[in-house]
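A short write-up of the structure that comes next.
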Amino acid sequence: MLIAFPMSELQLTILPETLGDALAIERLHERTFGPGRYARSAFRIREGRGHMLELSFTARIGTLLVGSIRLTPICIGETPALLLGPLTVEPPFRSRGVGSSLIERSLKDAKAQGYKLVVLVGDEPFYAKAGFKRIAKGQVKMPGPVDPARLLVNELAPGAFDGVGGMIRPDWVEA
């Protein structure tokens, strides 16, 4: 996917993450989130299960890594889902569509692979543009402290979230 930035005419390329991207992405996370990232509830869940390379992407301008998004398999109660995050964009490249492009690509590929639900902890005004909505308080819980107003879901299939609830955990058993 190529996106031209009108003011600078830079082209953004969204590519699947590779094993070789791990160090550059970890450094991006360090710069963006700092050491406090390890204490967040979403990090604790992701720590229990590696993210899916086939549903994780990088954003580059030329060879410069400017953004990353990852999806990790989880379960909400007994229902398979994906946890989006972290979504990271280098500060000089924010508000230029990089994050939105990464979200769009990851959701499109997740849907194409048959996934039905994606959850995240984030700001509703930003993620609502990509179809995320707030989860009703108490319907879904995460281990550790999470502001319930920041727990969001995107149904990749209509009605996929109907009747779903419970604790988010880092794994599911494939049928």
**Study point:** the range 137-152 residues that are in contact (Cβ under 8 Å) with a residue 40 or more places away in the chain and within 14 Å of VAL119 (Cα to Cα), paired with ones that are hydroxyl-bearing (Ser, Thr, Tyr) and surrounded by fewer than 18 Cβ atoms within 10 Å (Cβ to Cβ) (beta carbon under 6 Å, 6 or more apart)
**Key:** MET142/SER41; VAL146/SER41
Practice item. Just name the residue that is surrounded by the most Cβ atoms within 10 Å (Cβ to Cβ) out of those in the range 105-129 that are aliphatic (A, V, I, L, M) and under 18 Å from ILE168 (Cβ atoms). Key: VAL118
Check your understanding: Does ALA160 count as in a loop (DSSP other than H, G, I, E, B), touching a residue at least 24 places away in the same chain (Cβ under 8 Å) and within 13 Å of LEU82 (Cα to Cα)?
Key -> yes
Review point. Just to be sure, is ALA81 touching a Cys at 6+ places or on another chain (Cβ under 8 Å) and either exposed (fewer than 15 other Cβ atoms within 10 Å of the Cβ) or under 29 Å from LEU12 (Cβ atoms) (or both)?
Key: yes
Review point. Residues of the range 140-162 being out of contact with any helix residue (DSSP H, G or I) (no Cβ under 9 Å at 6 or more places or on another chain), of a type outside the set (A, V, I, L, M, F, W, C) and at pLDDT 95 or above, which ones?
Key: GLU155, PRO158, GLY159, ASP162
Practice item. Using the structure shown, decide if GLY144 is out of contact with any strand residue (DSSP E or B) (no Cβ under 6 Å at 6 or more places or on another chain) and either among the polar types (S, T, N, Q) or not in a strand (DSSP E or B) (or both). Key: yes
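The values are calculated or read from the model by the stated rules, or taken from the named source; none is laboratory data. Values in this document were obtained by computation on a predicted structure and should not be read as measured data. In this analysis, Cβ positions are derived from the backbone assuming ideal geometry, glycine residues included, and neighbour counts consider all displayed protein chains.
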